[in-house]
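Everything below concerns the one structure shown next.
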Amino acid sequence: MDQPSATTATTTFDPVDFETDPTRYRHFRVAYDGSVATVTMDVDPNACIRPGYELKLNSYDLGVDIELADIVRRMRFEHPEVRVVVITSGNERVFCAGANINMLGSSSHAWKVNFCKFTNETRCEIEDATEHSGQIYVAACNGTTAGGGYELALACKEIYLQDDGNSAVSLPEVPLLGVLPGTGGLTRLTDKRKVRRDLADVFCTTAEGVRGKKAVKWRLVDAVFPRSKFDEKVRERAKALAEAAAEGLPGGTRRPVELPPLAPEVTEKSRTYRHVTLTWDDEARLAHLTVRGPTRDDVAVLEKGGDALLDAGADLWALRAFRELDDALLHLRLNHMNVGLVLVRAEGDAQTIVDHDTALAKNRDHWFGREVILHMARVLRRYDNTSRSFFAMGDAGTAFAGCLFELALGADRFYLLDDPDHPVKVALSELSFGALPMHHGMTRLAAHFHGEPDKLEALAGDTSPKDPEEADEAGLVTVLLDDIDWEDDTRVAIEERLSLSPDALTGMEQNLRFPGPETMESKIYARLSAWQNWIFIRPNATGPQGALSLYGRPERPQFDWQRV
Amino acid sequence: MTEVSSVDLNSKIPNNVGLSDDPKLRRALEKWLPEYLEWWNDMGPSDFYDKPVFLRTAVSVTSDGWAHYDYVKLPEYRWGIFLAPPKGPLTIKCGDDAGKPAWTEIPGEHRNALRRIIVTQADTEPASVEQQRMLGHMAPSLYDLRNLFQVNVEEGRHLWAMVYLLHKYFGRDGRDEAEELLQRRSGDPDKPRILGAFNQPCDHWLSFYAFTMFTDRDGKYQLAALSESGFAPLALSTQFMLTEEAHHLFVGETGLDRIIRRSAELEREDPNGDVRAQGGIDFDLIQRTINYWYSYSLDLFGGEISNNASDFFASGLKGRYREDKFEDHKAIAGTYRLPVVENGRLVEKDVPLRHAMNEVLRDAYVADCERALRKWNRTLEQMGSSTRLYLPSRRFHRHQGIYAGHYFDPQGNLITEEEFERNRHKWLLTPADNDYLLSIMKPVYEPGKFANWIAPPKRGIEGKPIDFEYVKMHD
Ligand SMILES: [Fe+2]
Ligand SMILES: [Fe+2]
């Protein structure tokens, strides 16, 4: 039987680099004025991440969004004094026209999906900062706010629109492009802004959108201000919000923590960071992801607390290791699309990790300690959201404990070695019981035991390292293997996994990983993105006569009218 | 179904659209009427409202019927709603459905696009009245004053024509849009008019003539393109508006011609050939005015490469100028070649013809403007002046489309921003120009007399002599 070619999806472009810093921004300017930061989007039309389109009218592609994500992340660590972030536009008439349509029309399905996922994650990070870090995002829509532009505004806590008779907010995806406003648009409209669903229906089918008082009345924006007073009114509102947000913040000196480049060592087949190693074999469609746990010294820093944390800054294990993990996951997603299965290992000493987590949890009332935990949670959500099979491999030398045990709980399966000559421990920690929620709001432990509440109950507060057998008994292990079976059984499992349909696996995993209820955030990925990704492959969008394909072309789309 | 019925001049709103048989629409329009009058009172040439003006009013839609002349006080002018009578069965003129019967009701799928087209056109009509409202105070003659008011009332009627469509076919949204048309104000930073040129100040008569020459001429081409629309009521409305628009263009083209003629005379009279020394308008200033208004007017056609233009054409909402003269009304296959800026250089690029429909329309406009320039240069030649005026490149001083954001000299060469700014005062109207023009533009209200800076017209209006009292300034 023919093996599907392993190279078809590999792009011939340079790999995407997800790291950037303010000296390299092409599309944004950030200004700081005490507790208010202003992020001005002014996209350079010629600086696109892939050739073949121009980023006109403040439209964006992945490269633009990588900068935005960098801004949001750095804001929390490097500008902890900031309480309000105003997002506005440097373009004279357009706030933001959304994702670049020519880019979407000319990209592969996989690129589109990954682009959308990344932008969705960035929007969720904006909300996370607003909700948990006391950094409130405000959209100052000083021009046309269309599609992804309005979705960006929707991710902000408040939206202000210029009232000049022209500037409108709109979601024209359905009428113009035959696709969905898939960057959270539909979901946030109804679930966050509580726009009445029938009005949302009218709004989403009216390409030109809604402006002025009607936009306020329909709750699409919080207020409109005349053009001559717009900046002043937004500034006033930002100041007031900043004052309110300053109440009840976690303590600690608000000294910035700079995030230096991760500078991994990169070869043809690996990325080696300080605490993380990612290796891959594109032919075999297999990758290995290893995270090395904290040392006793790392624990000691946390135990000192306060300024000791700030002195360690970006070198703090928990921040550094998870930044590296994040970067590795993004590389895996965009630059190694053929890799289907990732074997995950957590190395170190279980008790040390448990102690690390205990010490870190004690710092959650320090702003920086809290930010580090919030960051870990976000990276783990990125892990949950990654459309690859993950097998956690608890073989000799591993220590799936505490925050690193989340990698086993988040994986699709957890294989654990039971070999007295190579004792391996597994442990929960203070962080296992709520500090690192999934995006549907549950802990990974609770999701794991969704059908076995008594087992969950039995483990409550239990942070003692467990032998393999104990762990298996407690229900924490998928397959427990002794040293004789390990080699063969895992090999077979890997081969079997790699033989299954990648599409079916993605769908299956994304369903099975999130038992239990939904939140707005999880609905964005599970409902909105899933529908969007289906529509993306339908001929009505991307076939030769499809609306997305023909946008910008002289022909008009021709639909297959059958409802599916 | 829209039926053009006989003209009803006696109803509150004169019309030939059978308003008396459509009480709902009549009520809506009668509600809008006082709001319109209030706008006209606030933003029209209100200082002249007690003066009888010799105006043309439409009394029927046949070619002789709409040209009825009499003295009217401006607030008593009877704006009405008139559609041109259809010539035979109407069809969709262009796009994918070319040749099929025209729509007499709005097709749902095109509703929003049509509303946008109509609102954008409608917005220009009151805007120009606002821009011109103070010009009466410096009119060079009663003849010109009367022409100004004729243009003003007809722009008001054009607004009526568009508002009728909004009320009749767009329900609640249309009524909201009609109200907003009366709320926006030319040049207001908070509620500006939609299009750039309609927010530029037009504060003296040189700009007025240039505006009616160049900006109203854009209007003519937009109306002509809309008169090819597959939406029959829009096509018939705009056809009738075109008959009025022709007079506005006449005012602009001949107004500039008369200034040029006069300047040539003054040039000859002055020992140093210095037009300004004689209180006239020098040719450099005229050229700067042409550059200024022509470039702003070019912007009104929209982007050179435009999805909207393609959609409007493809769906039969907006055709080309004289679509009948083209053989292929689908224009699906052709391309259009135009220079674009790439990597700091101008290179030729082929784009799908449908995407270049704005540019195709702009071509017709440019050719028409070139014709006027040839005429003015003939005047200069006859007058023995060696000066020749020209149209700047269509890339010069643009704020819309693919050339916006780049800098070009009037010949169309790509230059730096610094170079452009250094030459701005040579190429475009400056505040000092405006000061000078305001200093020479004192009103002349005596029948048959003309300001020093402009020549009299060749003939009067409707067979009346030039010294006819076109506006009765004293009872
Ligand atoms: Fe007009
Ligand atoms: Fe006009």
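The values are calculated or read from the model by the stated rules, or taken from the named source; none is laboratory data. Note that the structure is a prediction, hence the values are computed from the model and not measured. Virtual Cβ from ideal backbone geometry, glycine too; neighbours counted across all protein chains shown. Calculation scope for accessible area: heavy atoms of the full protein, side chains included, ligands and nucleic acids excluded. Shrake-Rupley method; radii C 1.70, N 1.55, O 1.52, S 1.80 Å.
Working note: 222 nm ellipticity from helices only, DSSP H runs with n ≥ 4, each -39,500 (n - 2.57), summed and divided by the residues of chain B, gives -15000 deg cm²/dmol to the nearest 500. Rounded to the nearest 0.05, the FRET efficiency derived from the C-beta distance between A:Ala460 and B:Asn307 at R0 = 56 Å is 0.45. Panel note: the C-alpha atoms of the stretch A:22-245, placed on their principal axes, show extents of 45, 41, 31 Å (largest first).
Buried surface for the B/A pair, taken as the accessible area of each chain alone minus that of the pair with a 1.4 Å probe, is close to 1800 Å² in total. If R0 is taken as 60 Å, the Cβ-Cβ distance between B:Arg268 and B:Thr416 corresponds to a FRET efficiency of 0.90. Would you please state the base-10 log of I(q)/I(0) at q = 0.13, 0.24, 0.25 1/Å for the stretch B:379-475, with intensities from the Debye formula using one equal scatterer on every alpha carbon? With no solvent term, the Cα-only Debye profile gives -0.77, -1.21, -1.25. Principal axis extents of the C-alpha atoms in the protein assembly as shown (largest first, rounded to whole Å): 118, 60, 50. The heavy atoms of A:Asp355 offer some 40 square angstrom of accessible surface to a 1.4 angstrom probe. When the Cα atoms of the stretch A:279-433 are aligned to their principal axes, the ranges along those axes come out at 48, 40, 24 Å in descending order. Relative contact order for the stretch A:266-512: 18 percent, from Cα pairs under 8 Å spaced at least 6 residues apart, divided by residue count. Helices in chain A, meaning DSSP H runs of at least 4 residues, each add -39500 (n - 2.57). Divided by all residues, the mean residue ellipticity at 222 nm is -12000 deg cm²/dmol. Overall, the accessible surface of chain A at a probe of 1.4 angstrom is composed of carbon and sulfur to the extent of 50 percent. Karplus-derived 3J(HN,Hα) values for the stretch A:373-385, using 6.51 cos²θ - 1.76 cosθ + 1.60 with θ = phi - 60°, are 5, 4, 5, 4, 4, 5, 5, 5, 5, 4, 4, 4, 8 Hz; glycine and proline are entered as x. For chain B, pairs of C-alpha atoms spaced more than 36 angstrom apart make up 30 percent of the total.
Taking 29 Å as the straight-line reach from the Cα of B:Lys449, the lysines in range (excluding those fewer than 8 positions away in the same chain) are B:Lys51, B:Lys73, B:Lys375, B:Lys458, B:Lys464, B:Lys472. Quick one: pull the percentage of alpha-carbon pairs in chain A with a separation above 47 Å. Roughly 13 percent, rounded to a whole number. The lysines within cross-link reach of A:Lys117, meaning a Cα-to-Cα straight distance under 24 Å and a gap of 8 or more places when in the same chain, are A:Lys56, A:Lys157, A:Lys192, A:Lys194, A:Lys523. Interface residues of the stretch A:516-562, defined as those with an accessible-area decrease of at least 50 Å² between the chain by itself and the complete set of protein chains (probe 1.4 Å), are A:Pro554, A:Arg556. Modelled spin-label separation between B:Asp70 and A:Glu473, with each label point placed 7 Å from Cα along the Cα-to-Cβ direction: 10.9 nm.
Rounded to two decimals, the Cα-based Rg/Rh of the stretch B:283-414, with Kirkwood Rh, is 1.02.
Neighbouring Cβ atoms from other chains, within 10 Å of the Cβ of residues in B:306-314, number 3 on average. Accessible surface for A:Val179 stands near 10 Å², nearest 10, in the context of the full protein assembly shown (1.4 Å probe). Among the GluC sites (Glu not before Pro) in the stretch B:228-259, none is located in a DSSP loop while being surrounded by at most 12 other Cβ atoms within 10 Å of its own Cβ. Its relative contact order, with pairs defined as Cα atoms under 8 Å and 6+ residues apart, puts the stretch A:22-245 at 18 percent.
Evaluating 6.51 cos²θ - 1.76 cosθ + 1.60 at θ = phi - 60° for every residue in the stretch B:116-126, the Karplus couplings come out as 5, 4, 5, 5, 5, 5, 4, 4, 6, 5, x Hz, glycine and proline recorded as x.
Evaluating kT/(6 pi eta Rh) at 20 °C and 1.002 mPa s, with the Kirkwood radius of the stretch A:143-213 over Cα pairs in the Stokes-Einstein relation, gives 179 µm² s⁻¹. Derived scalar couplings between HN and Hα for the stretch B:452-466 equal 4, 8, 9, 7, x, x, 5, 8, x, 9, 6, x, 7, x, 5 Hz in order, rounded to whole Hz, by the Karplus curve 6.51 cos²θ - 1.76 cosθ + 1.60 (θ = phi - 60°), x for Gly and Pro. Across peptide A:161-167, the average count of Cβ atoms from other chains found within 10 Å of a residue's Cβ is 4. Cα centroids of the stretch A:93-129 and the stretch B:281-338: 34 Å apart. As a length-normalised measure over Cα pairs under 8 Å and 6 or more apart, the relative contact order of chain B settles at 18 percent.
The distance separating the Cα centre of the stretch A:217-289 from that of the stretch B:175-246 comes to 47 Å.
When A:Lys362, A:Lys194 are compared by accessible surface with a 1.4 Å probe, the order from highest to lowest is A:Lys362, A:Lys194. A 1.4 Å probe, protein heavy atoms only, puts the accessible area of B:Lys31 near 120 Å².
Over the alpha-carbon set of the stretch A:3-146, divide Rg by the Kirkwood Rh and report the Rg/Rh ratio to two decimals.
Working: Rg = 16.1 Å, Rh = 16.1 Å.
Rg/Rh for the stretch A:3-146 comes to 1.00.
In straight-distance terms, cross-link reach from B:Lys330 covers every one of the lysines whose alpha-carbon lies under 17 Å from its own, apart from those fewer than eight places away in the same chain; here that gives B:Lys93, B:Lys100, B:Lys318.
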